[in-house]
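Working notes, structure below.
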Amino acid sequence: MNEGKAAYELLQAKLLQYLHSRDKAAELKKQKALDMIGDMRTEGAGPDTDLSQLTLTQMHVLHEIAGGKNANVTQIANRIGVTKGGVSKAVAKLIQAGLAAEAPRYGSKREIHYLVTPRGEQIAQVHDKLHRLLEKKHFGLYGTYSGEELSVIVRFLDDLTRLNEEPL
């Protein structure tokens, strides 16, 4: 087997290993958030609220709404890279769970923006805390690479992102 083929196969295996570990980490992050939220599962909850059913997209949307920038569907979609339809579905679930609410934009009868409820604010704060913990963990890893190595990694991730955005 030539060296190029062996390197390609190793890269494929490592990429699959990373993707599986990322999925597992996402579930662990969600569980950690639920653990941090604790008894908020029932306290002040809406009738159909089960916070364990919140998706990561819903958590990210809630975080954006909590940012306090009079967020609407388009703004949220652009900031987190999700379709407007995906954001609309997430917002509907958040409203149903009593974590967010609609509010007409001042001076406009048609445009709607979203606000978090006090309970939604608490959950958004937990999400923010988890992001800070992950950033700290990642920055520690980045420090183990040289500037040149980081440049190659960035280029690879940019190429991989572009590849993911292309239709099959």
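The values are calculated or read from the model by the stated rules, or taken from the named source; none is laboratory data. Nothing here was measured: the structure is a model prediction, and the numbers come from that model. Cβ sites come from the backbone with ideal geometry, for glycine too, and all protein chains shown count toward neighbours. Remember, those area values only see protein heavy atoms, side chains included, never the ligands or the DNA or RNA. Shrake-Rupley method; radii C 1.70, N 1.55, O 1.52, S 1.80 Å.
A few notes on this one:
- Taking every residue in the stretch 138-166 that is in contact (Cβ under 8 Å) with a residue 60 or more places away in the chain and pairing it with any residue that is surrounded by fewer than 10 Cβ atoms within 10 Å (Cβ to Cβ) and part of a helix (DSSP H, G or I), at least 6 positions away or on another chain, yields no pair with a Cβ-Cβ distance below 8 Å.
- Residue check: Q125 meets all listed conditions (1) open to solvent by 60 Å² or more (accessible area, probe 1.4 Å); (2) at pLDDT below 90; (3) over 18 Å from L34 (Cα atoms) but one, namely (3).
- All positions within the stretch 80-137 that are aromatic (F, W, Y) and not in a strand (DSSP E or B): Y106
- Members of the stretch 1-59 that are among the acidic types (D, E), touching a Lys or Arg at 6+ places or on another chain (Cβ under 8 Å) and at pLDDT 80 or above: none
- Those residues of the stretch 104-118 which are open to solvent by less than 20 Å² (accessible area, probe 1.4 Å) and either touching a His at 6+ places or on another chain (Cβ under 6 Å) or closer than 16 Å to M36 by Cα (or both), in sequence order: none
- When T144 is tested against the conditions (1) closer than 23 Å to L11 by Cβ; (2) within 20 Å of the chain's Cα centre (by Cα); (3) hydroxyl-bearing (S, T, Y), the lone failure is (2).
- Where a residue in the stretch 102-125 is free of Cβ contacts under 8 Å to residues at least 40 places away in the same chain and its partner, wherever it lies, is part of a helix (DSSP H, G or I) and open to solvent by 30 Å² or more (accessible area, probe 1.4 Å), with Cβ under 7 Å and at least six apart: E102/I95
- Boolean, I65 is open to solvent by less than 40 Å² (accessible area, probe 1.4 Å), within 14 Å of H113 (Cα to Cα) and either modelled with pLDDT under 85 or in a helix (DSSP H, G or I) (or both): yes
- Residue in the stretch 70-86 that is in contact with a strand residue (DSSP E or B) (Cβ under 7 Å, 6 or more places away or on another chain) and small (G, A, S) present: yes
- Residues satisfying the criterion are present in the stretch 104-114 (criterion: within 19 Å of G68 (Cβ to Cβ), at pLDDT 90 or above and touching a helix residue (DSSP H, G or I) at 6+ places or on another chain (Cβ under 7 Å)).
- One residue from N70, N78 being at pLDDT below 75, under 30 Å from R105 (Cα atoms) and open to solvent by 50 Å² or more (accessible area, probe 1.4 Å): N70
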